[in-house]
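What follows is calculated from the coordinates using simple rules that are stated; it is not laboratory data. Please read these numbers as outputs of a predicted model, since none were measured by experiment. Positions of Cβ are backbone-derived with ideal geometry, glycine not excepted, and every protein chain shown enters the neighbour counts.
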Amino acid sequence: MGIHRGVITIVLGAVLWLPSFACRGNAPSPRGSAVSPSASPSAPALQDTPATAARRSSLVSSIAFHVRLSPRVEQALLTVPRHVFVPPEYQGEAYSDEPLPIGEGQTISQPTVVAMMTQALDLQGNETVLEVGTGSGYQAAILSRLCKRVETVELLPSLAHRAQSALRAIGYDNVTVYVGDGYEGLPPLAPFDAIVITAAPPEIPEKLVRQLRDGGRMVVPVGPRDDEQHLLLLHKVGTEVRRTDLGAVRFVPMVRGRRVPD
Ligand code: SAH
């Protein structure tokens, strides 16, 4: 089964194209088509005004107080309009340094945490990155400014659909959103230069470590559902996986996917 751009469904490890997403609003391109932003019932607020840019700039200054940012990561944070990834009712808080609800009981991560995870990956520009837990699409958007390609997997179709719509609306076309269980990763596209997991598994997902290339980095919040989780940076060197604890965090749980009915 081929891999197509746009929102894609994964069933038990197989990657499938979901035609109902392909056909909304736009004629499908030869490789499948993205969701049309205007077809979305909650089309993102796109306008980036001097006011939103100024609020973003002061947010980035406050992040830089806690996280040592490289110029590239700082520039990505200054560039990506977070308000496009935030639901309309939370627009006023889009540039506060806090997580916000995005529906389905999920959240867009706190900007400082996005900055910390992105910085830890140390992207140089030529990488293909796997993200597990697309959510709003904001972390994927930040990554997409810093590497060649982002492949991002989301368990919940409604969120995947909305994230893809937001990414397309602002023209970030080096990101592909997949619907599926991120515990499986994306075997046909492995190995990845870097992997970022934005939901917390109880233990390090070994299947995903196997999809990391030699020399690659993975950032993952590991820990139980209601207890303390730790953000781990894993660095794969040959058969060894070196581990650095980046500190205590709180993420929504990474849950096991169910088989999508035929
Ligand atoms: N990176 C996101 C934040 C994601 S919140 C952002 O920038 O907005 C975590 C997301 O992980 C949720 O959307 C949740 O549905 C998703 N998730 C949880 N378990 C998953 C799994 N097994 N596979 C893929 N996504 C998963």
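Put simply, the amide H of L246, placed in the peptide plane, has neighbours under 5 Å in L231, L232, L233, leaving out anything fewer than 5 places away on its chain.
What the phi angles of the range 143-150 give under the Karplus curve with 6.51, -1.76 and 1.60, with θ = phi - 60°, is a coupling list of 4, 5, 7, 10, 9, 7, 9, 10 Hz, glycine and proline written as x.
With a simple spin-label model that places each label point 7 Å from the Cα along the Cα-to-Cβ direction, the separation between D227 and I204 comes to 1.9 nm. Close amide-amide hydrogen proximity is noted between T134 and V153, E154, L155, each under 5 Å apart and 5 or more residues distant or on a separate chain (H modeled in the peptide plane; Pro and chain starts excluded).
Report the gain in length on full extension from L189 to D122: 0.36 nm times residue separation, minus Cα-Cα distance, nm rounded to one decimal.
The span from L189 to D122 would gain 22.0 nm if fully extended.
Extending 7 Å from Cα along the Cβ direction at A64 and again at Q47 yields two label points whose distance is 2.8 nm. One decimal place: the segment T79-E104 gains 6.3 nm when fully extended, by the rule 0.36 nm per residue minus the C-alpha distance.
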